[in-house]
Amino acid sequence: MPMQYKQFIYHLFIYLKPHVGKLVFTSVMIMLATVLESSVPEITGRIVDELFATQRESRTAFIYAFALFGIVVLSSLFALTSTAVSSWVSNKVIMDLRVTMFAKLLKLPKSYFDQHPTGKTLSKLTFDVEQIADSASTIWLDFIKSSMTVVILISYLFYKNWQLSLTLLVLLPLMYLAVKLSSNRMRRSSIKVQKSMGDMTHLLNENISGNTLVKIYHAQSQISEKFNSLIKNIRQQHFKVDMSSSFNTAFVNILIGLSLSSVVYFSSTSLQMSAGEFLSFFTAMGMLLKPAKSLVNINKPLQNAMAAGESVFGLINEKKESNVGTKKLKKPKGAIQFNDVSFGYNHNTIVLKRINLDIKSGETIAFIGATGSGKTTIIKLLMRFYSPKQGSITVDGIDINQFEIDSFRSNIAFVDQNVQLFNDSIRGNIALGQLGTMSDKQIKLSAIAANADEFIQQLEHGFDTQIGENGVSLSGGQRQRLAIARAIAKDSPILILDEATSALDNVTEKQVQNAIHEMQKDRTTIIIAHRLSTIQKADRIIVLRHGSIIEQGTHQELLEHRGEYTQLYKHQFEN
Ligand SMILES: Nc1ncnc2c1ncn2[C@@H]1O[C@H](COP(=O)(O)OP(=O)(O)OP(=O)(O)O)[C@@H](O)[C@H]1O
């Protein structure tokens, strides 16, 4: 449902509240500038009547010349101050919104990231947020200035000649109608522009990071087509917004033209105005043109801002990752139990069925099974990225939902098959989350244990080498060793390895396996592996099929059992 004006203002006001003083100040400044500027028609009329139509006294000429100059200088200074303060406020609001959005982003549940394309989320923080902040001050000031000018000048026109002004006022409802009719159309187009911008950012993001595949699979033309159709859509929607806005302006211009012509005709015929009176009236009407246009056009940035508000405040109002637990988990022994756990990502499918598992403290458990059998899902539940639909998971006998989430996760180290490195130094990547507290010695020892120290030393700046976006300057094996060093450095009682050594050659894998083996001592370790050679030493191997445990035991026990594990083992061995 589109956001209502009231909701939009309510949400925006939360960010404007600390700056109310500044906003009032800029409003007063712009009001003063407006009042001064609005006195120009009266002064011009008087100049004509008192200076040009009668005697040309130099004293009067000086007074009027000085007054005009004073008005211009003062109103410019007031306008300048107002613009400076309002720009400060809108940039501050952009910054505050970005800080809030980013903080929320870090606290969103995993399911949010699974369901929302990255590019769309990026676009909220880059494009949409700027559009909202515009309304925070620029639109507001424009509105004050224009509406005040309109009110003052219309009052002035009534004061000068109410009959003529009343006739002109008939045109106002027509202007209102034009604005009303186009605003819904503009709003719909603005929302579409924002969605398309999100899609475009997503496509760009995907293709820049996936440029290797694009080249190898010669996907340039396929992707260009997609991109072209997206930007065509953006162009069309932008064009619609611009056309609605231009139509409004043209319509209002015609109405104003009609008013000006009427004034010329009536003031000189039936009303018999003096030259000065005519000039005042005519100038005031001429001066109405710009603010009236502004008021009509204010609808365009306002509709953009409202559409952006839906997107930005939608993200800010997203539900945070559930964190109702209050218990702190400090140095657990690491005994883990799955009690009758069932789970599905949505209501219709079941991915895990009644999993019962008792993992002892310090035990090494390996999960194997065909692709899609639910291995990764089990560890996602254990890391509390998702909650079981049925049953419970405990650590040291306490339901993991009872723990405060950060304190719980601080006891888990994780190495993923898709190694994620950050655009930081090697040191920053190993000591992720603990850069200020982890000693250089601990960082180095972790690197040595992960067999990463040697290649780090060969880099020009050693541990201080910046590794570039997602470690593009490193080989797959080097990246994986860094991820392992990061896990070793965290020194947690629970260790989860998801295909952690898949990118290593046989020799390096053997060395890293030794490191991992060392690391497993006194830790509960959960391993997911496709290559059975990496898990033969596990205390227990759990075989999954379609989300259920079908076999478990040591390597030897499972081979003797001659079930699915034996089949898998034979298959890999023969290969
Ligand atoms: N975020 C998600 N939303 C919906 N379904 C998902 C999601 N993640 C996984 N699934 C589905 O859940 C099932 C189990 O997936 P899971 O990743 O746990 O399997 P896996 O055994 O780890 O597979 P692989 O060995 O290929 O990594 C699959 O059918 C998969 O399609």
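The values are calculated or read from the model by the stated rules, or taken from the named source; none is laboratory data. Since the structure is predicted, the reported quantities are computational estimates derived from the model, not experimental observations. No Cβ is skipped: glycine too gets one built from the backbone with ideal geometry, and neighbour counts run over all protein chains shown. All accessible areas refer to the heavy atoms of the entire protein, side chains included, with ligands and DNA or RNA removed. Shrake-Rupley method; radii C 1.70, N 1.55, O 1.52, S 1.80 Å.
Between Leu177 and Leu122, what is the FRET efficiency for a Förster distance of 51 Å, r being their Cβ-Cβ separation, to the nearest 0.05?
Values: r = 40 Å, r/R0 = 0.78.
Once the sixth-power term is evaluated, E becomes 0.80.
So if we plug the beta-carbon distance of Ala250 and Lys110 into 1/(1 + (r/R0)^6) with R0 = 51 Å, what FRET efficiency do we get, rounded to 0.05? Spell out each step's value before the answer.
On the way: r = 51 Å, r/R0 = 1.01.
Step by step, r from the Cβ atoms, then E = 0.50.
In degrees from 0 to 90, rounded to the nearest 10, what is the angle of the helix 506-520 Cα long axis to the longest principal axis of the chain?
Value to nearest ten degrees: 90.
When ligands, DNA and RNA are left out and all protein chains stay put, how many square angstrom of accessible area per residue does the chain have with a 1.4 Å probe? Show your work: numbers first, answer last.
Numbers: 30630 Å² over 575 residues.
Using a 1.4 Å probe on heavy atoms only, each residue of the chain averages 53 Å².
Quick check: from the Cα gyration tensor, does segment 5-316 come out rounded (a/c under 1.5), prolate or oblate? All intermediate terms of the calculation are to be shown ahead of the outcome.
Values: a/c = 2.98, a/b = 2.13, b/c = 1.40.
Judged from the Cα gyration tensor, segment 5-316 comes out prolate (a/c at least 1.5, a/b above b/c).
Quick one: the Cα spread of segment 374-480 along its three principal axes, in angstroms, biggest first?
Ordered largest first, segment 374-480 gives principal extents of 52, 29, 22 Å.
Nearest 0.05, what FRET efficiency do Leu559 and Ala370 give at R0 = 22 Å with Cβ-Cβ as r?
On the way: r = 19 Å, r/R0 = 0.84.
Step by step, r from the Cβ atoms, then E = 0.75.
Roll a 1.4 angstrom probe over the protein heavy atoms and tell me the percent of accessible area of segment 5-316 that is carbon or sulfur. Write out the running numbers ahead of the final one.
On the way: 11700 of 17060 Å².
Ligands and nucleic acids excluded, carbon and sulfur reach 69 percent.
For segment 5-316, what relative contact order do you get, as a whole percent, if you take Cα pairs closer than 8 Å and at least 6 residues apart? Mind dumping the intermediate values first?
Numbers: 306 pairs, mean separation 103.8, N = 312.
Computed over segment 5-316, the figure is 33 percent.
Taking K and R as +1 and D and E as -1, what net charge do the other residues with C-beta under 12 Å from the C-beta of Gln390 add up to?
On the way: positive: Lys353, Arg354, Lys389; negative: Asp340.
Here the charged neighbours net out to +2.
Helix 440-449: angle to the longest alpha-carbon principal axis of the chain, degrees 0 to 90, nearest 10?
50
Can you tell me, using C-alpha contacts under 8 Å and at least 6 residues apart, the relative contact order of the chain as a whole percent? Could the numbers behind the result be given before it?
Details: 801 pairs, mean separation 85.7, N = 575.
After rounding, I find 15 percent.
Starting from the Cα of Lys327, step 7 Å along the direction of its Cβ; do the same at Asp491; then give the gap between the two resulting points in nm.
2.5
Over segment 336-574, what is the relative contact order in percent, taking alpha-carbon pairs closer than 8 angstrom and at least six residues apart? Let's see the in-between values first.
Values: 414 pairs, mean separation 64.1, N = 239.
Contact order relative to length: 27 percent.
For helix 172-209, what angle does its Cα long axis make with the longest principal axis of the chain, in degrees from 0 to 90 and rounded to 10?
In the chain, helix 172-209 runs at an angle near 30 degrees to the longest axis.
What is the spin-label model distance, in nm, from Lys6 to Val35 if the labels are put 7 Å beyond Cα along the C-beta direction?
Taking the simple label geometry, Lys6 and Val35 are separated by 3.4 nm.
Given points 7 Å out from each Cα along the Cα-Cβ axis, report the Asn346 to Asn184 separation in nanometres with one decimal.
3.2
Compute the signed sum of charges (Lys and Arg +1, Asp and Glu -1) over the other residues within less than 9 Å, Cβ to Cβ, of Gln417. Each step should come with its number before you reach the end.
On the way: positive: none; negative: Asp416, Asp498, Glu499.
Counting the neighbours of Gln417, the net charge comes to -3.
Students often check this: by mean Cβ neighbours within 10 Å, which of 213-223, 33-43, 413-423 ranks highest, and how do the rest follow? Can you show the working numbers first?
On the way: 213-223: 11.1, 33-43: 19.2, 413-423: 17.0.
The most tightly packed comes first, giving 33-43, 413-423, 213-223.
Just to confirm a number: summing +1 for Lys and Arg and -1 for Asp and Glu over residues other than Gly344 whose beta-carbon lies under 11 angstrom from that of Gly344, what do you get? Spell out each step's value before the answer.
Details: positive: Lys353, Lys389; negative: none.
Spelling it out: positives minus negatives among the neighbours equals +2.
For Lys320 and Glu42 in the same chain, what is the full-extension length gain: residue separation times 0.36 nm, less their Cα-Cα distance, in nm? List each step's numbers first, then the result.
On the way: separation 278, 0.36 × 278 = 100.08 nm, distance 5.94 nm.
Answer, rounded to one decimal: 94.1 nm.
At 1.306 mPa s and 10 °C, plugging the Kirkwood radius over alpha-carbon pairs of the chain into Stokes-Einstein gives what diffusion coefficient in µm²/s?
Numbers: Rh = 29.8 Å.
Rounded to a whole number, D works out at 53 µm²/s.
Roughly speaking, what is the stretch gain from Leu289 to Gln222, that is 0.36 nm per residue apart minus the C-alpha to C-alpha distance, in nm to one decimal?
Details: separation 67, 0.36 × 67 = 24.12 nm, distance 4.97 nm.
Gain on extension, Leu289 to Gln222, equals 19.2 nm.
Which order do the peptides 153-160, 552-559 come out in when sorted by mean C-beta neighbours inside 10 angstrom, highest first?
Put in order of decreasing packing, that is 153-160, 552-559.
Indicate the gyration tensor shape class of segment 413-558 (rounded, prolate or oblate), computed on the Cα atoms with a ≥ b ≥ c the square roots of the eigenvalues: a/c under 1.5 is rounded; otherwise a/b larger than b/c is prolate and the rest oblate. Could the numbers behind the result be given before it?
Numbers: a/c = 2.12, a/b = 1.93, b/c = 1.10.
The shape class here is prolate.
Determine, for each peptide in 376-389, 434-447, the mean count of other beta carbons within 10 angstrom over its residues, then list the peptides with the highest first. Let's see the in-between values first.
Values: 376-389: 19.0, 434-447: 15.4.
Put in order of decreasing packing, that is 376-389, 434-447.
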